[in-house]
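Each value in this text was obtained by applying a stated rule to the coordinates, not by laboratory testing. Bear in mind that the values here come from a model prediction, so they are computed numbers and not experimental data. Cβ placement follows ideal geometry from the backbone for every residue including glycine, while neighbour counts extend to all protein chains displayed.
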Amino acid sequence: MSKNLITKSSKYESLSKLLDKMVMKCLWFSCLCFIMLQGCIFNKDDSNNGTITPSSQDAYVSKIAYDADTLLKYLHQRKNFNGNILVVHNGLKILQKSYGYADFRAKTILTSQSNFRIGALSKQFTAMAIMMLKESGKISYDDPVRKFFRGFPYPNITIRQLLTHTSGLPNYGEYFAKVVLTSKYKFTSPTNQDVLLWLINEKPKLYFKPGESWLYTNTGYILLALIVENVSRKPFLEYLQERIFKPLDMTNTLVYDKKQNDKVPQRVYGFRKNRRLYDNHLFDRMYGDSNMYSSTEDLYKWDQALRSERLVKQSTLTEAFSPTPYFKGLFKKNYGFGWHLDKQGNTAYHLGSTGGFRCSIMRGLDKDNCVVLLTNNEDGRYENIAKTIFDWLD
């Protein structure tokens, strides 16, 4: 479950707090001193196909790129970080670099085109598909979900509530792992349709009345993907490919389905702390809530597209990045359509955590700044690194 990352801290004080929280307690002080003693202007480092902002950039921005690279390089050398970073300031990439392997077994080197499994970051693309259908007049956010699924047992749940995690639906993962897969349902790899049938047949109790509270649940985004298929009359992965990925030239991004789309170009594999391959087979035929692959290069294109009207109108984007009125001001964290929002309304962000992968994206809503951090080793709280670097950009 995603956590609220937005805290008040100064740019370099936050680094100290970050280092205190991570695993390598004996290394923190030396790491902090090493970074803070660096000069303001760096020399370009071409290792691992990485690029850093040229020296003609503003000195302060150059130092941000240098310090971020220094931190990640330091952690990587001590086997505490493996992955890719993208840092965008005022719309320009000031740091895009890779550290380590896409596959520890084959020693395949990461590049900016390497495809990571991005977990819950997938939700923002599902939300965009719904936004596009709404803008074309094919659905309304306030349509009841049962309009699209015969026998759906919850008459008051709407599309908007699925988008904003205010439906009260239980999380399918807990039920499938603990109940469904060990009882009368015997799935080798359950699908979105299986989740829908579970809701219709078993009618699990809601955690609260729809619209009265907030609870992060993957079930809602499973249903949203089915709604996209129902309304568009196309497979979900095909709809996203035609309407989002292809227009934005996101050539590496795809919705993974073991039976329909098993080939992942420049694939990154997730690993455990001991460098053993992480098996992701259990839910590898589900989509909408997770199961997408993407790269830092493609996520840069995505970030920039969200600052224009290439996909939907600005008014549609404004609503998507606004706190839901059901709980506005009542909780420490607000949620829009597929995005967490900070209390000030200046930042949209999301985390993705799935077997062997931890990913994070943070976007300025009032400034054209963005940080994307993609990792394929499960240890560490790398979202704190992304948060710290993002704070430096402000």
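Sort the stretch 286-327 into rounded, prolate or oblate with this rule: let a ≥ b ≥ c be the square roots of the eigenvalues of the Cα gyration tensor; rounded if a/c is under 1.5, and if a/c is not under 1.5, prolate when a/b is larger than b/c, oblate otherwise.
Details: a/c = 2.52, a/b = 1.25, b/c = 2.02.
Taking the square roots of the gyration eigenvalues as a ≥ b ≥ c, the stretch 286-327 is oblate.
Could you calculate the FRET efficiency of residue 307 with residue 273 from 1/(1 + (r/R0)^6), where r is the beta carbon distance between them and R0 is 30 Å, rounded to 0.05?
Working: r = 37 Å, r/R0 = 1.24.
Efficiency, from the Cβ-Cβ distance: 0.20.
Could you put 76, 165 in order, starting from the residue whose Cβ has the fewest other Cβ atoms within 10 Å? Don't skip to the answer; put the middle values down first.
Details: 76 16, 165 24.
Final ranking by Cβ density, sparse to dense: 76, 165.
From the Cα gyration tensor of the stretch 124-241, with a ≥ b ≥ c the square roots of its eigenvalues, which class applies: rounded if a/c is under 1.5, or else prolate if a/b is larger than b/c, or else oblate?
Values: a/c = 1.86, a/b = 1.31, b/c = 1.43.
In terms of gyration-tensor shape, oblate.
Please name whichever of 126, 116, 137 sits farthest to the positive end of the charge dipole of the stretch 116-163, dipole taken about the Cα centre and charges placed at Cβ: Lys and Arg +1, Asp and Glu -1.
Looking along the dipole axis, the top candidate is 116.
What does the net charge come to around residue 132 if you take all other residues with beta carbon closer than 10 Å to its beta carbon, with K and R at +1 and D and E at -1? Intermediate values should be presented prior to the final figure.
Details: positive: 134, 138, 243; negative: 135.
For residues surrounding residue 132, the net value is +2.
Just to be sure I follow the rule: in the stretch 124-241, considering lysines 8 or more places apart or on different chains, how many pairs have Cα atoms under 21 Å apart?
Taking the Cα cut-off of 21 Å, the pair count is 14.
Please work out the ratio of the alpha-carbon Rg of the stretch 97-170 to 2.2 N^0.38 Å and round it to two decimals. Walk me through the numbers on the way to the answer.
Working: Rg = 18.9 Å, N = 74, 2.2 N^0.38 = 11.3 Å.
Compactness ratio reported: 1.68.
For the stretch 124-241, with the dipole built from +1 on Lys and Arg beta-carbon atoms and -1 on Asp and Glu ones, taken about the Cα centre, which of 236, 153, 222 lies farthest toward the positive end?
153
Just need the relative contact order of the stretch 124-241 here, percent rounded to a whole number, with Cα pairs under 8 Å and 6+ apart.
Working: 126 pairs, mean separation 40.1, N = 118.
With pairs under 8 Å counted, the relative contact order is 34 percent.
Ranked by Cβ crowding within 10 angstrom, fewest neighbours first, how are 143, 366 ordered? Provide the component values of the computation, followed by the final result.
On the way: 143 16, 366 10.
Going from least to most buried by this count: 366, 143.
When a footprinting reagent is the concern and you count Cβ atoms within 10 Å, what order do 74, 293 take, fewest first? Each step should come with its number before you reach the end.
Numbers: 74 18, 293 23.
Going from least to most buried by this count: 74, 293.
Quick one: compute the contact order of the stretch 63-201, relative version, from alpha carbon pairs under 8 angstrom and 6+ residues apart, as a percent. Provide the component values of the computation, followed by the final result.
Details: 101 pairs, mean separation 15.5, N = 139.
Value for the stretch 63-201: 11 percent.
For the pair residue 314 and residue 146, what calculated FRET efficiency results from E = 1/(1 + (r/R0)^6), where r is the Cβ-Cβ distance and R0 = 35 Å, to the nearest 0.05? Don't skip to the end; give the middle numbers.
On the way: r = 32 Å, r/R0 = 0.91.
With R0 = 35 Å, the Cβ-Cβ based efficiency is 0.65.
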